[in-house]
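Notes for the one structure printed next.
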Amino acid sequence: MFCYLYGDVFSILAGDFKPGETDGKPLTEYMVLGMAVIMMIPVMMIVLTLILGYSISSWVNIIVALGFVILNLVSIRSYPIYEKFTLIISMGFNLLIVYTAWTWVI
């Protein structure tokens, strides 16, 4: 989550950001809601990891982390180099989550 936020901050600082727009298109309420949902998933995963049983938690972590890796791979080409860097770091963390969940032993 912090990698995404840092990428957004860098976009603002670099001047790549226009308020109310994304990729030159006006933001809608639903687009912003979608962004909010994506940003809340890592927070929810922390809680779910603590309250779900081992087996379910492991699989949910694997599925969600791989989902974020796929999301990043699909969108990485269109970003400037500094955002590509944050996305690559984010993908590394997500793959570490997959490895940890896969090899998790109680």
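Structural remarks
- Met91 being within 15 Å of Leu5 (Cα to Cα) and at pLDDT 90 or above: yes
- Index of the failed condition, Asp8 passing every other in (1) in contact with a Phe, Trp or Tyr (Cβ under 9 Å, 6 or more places away or on another chain); (2) in contact (Cβ under 8 Å) with a residue 12 or more places away in the chain; (3) not aliphatic (A, V, I, L, M): (2)
- Pairs, first closer than 16 Å to Ile63 by Cβ in the range 39-51, second modelled with pLDDT under 90, C-beta under 7 Å, six or more apart: Pro42/Met1
- Criterion: modelled with pLDDT under 90 and more than 18 Å from the chain's Cα centre (by Cα) - qualifying residue of Glu21, Glu29: Glu21
- Test: Tyr30 is touching a residue at least 24 places away in the same chain (Cβ under 8 Å) and either of a type outside the set (D, E, K, R) or more than 30 Å from Thr103 (Cβ to Cβ) (or both): no
The values are calculated or read from the model by the stated rules, or taken from the named source; none is laboratory data. Keep in mind that what you see is a predicted model, and the values were worked out from it rather than measured. Backbone-built Cβ (ideal geometry, glycine too); neighbour counts: all protein chains shown.
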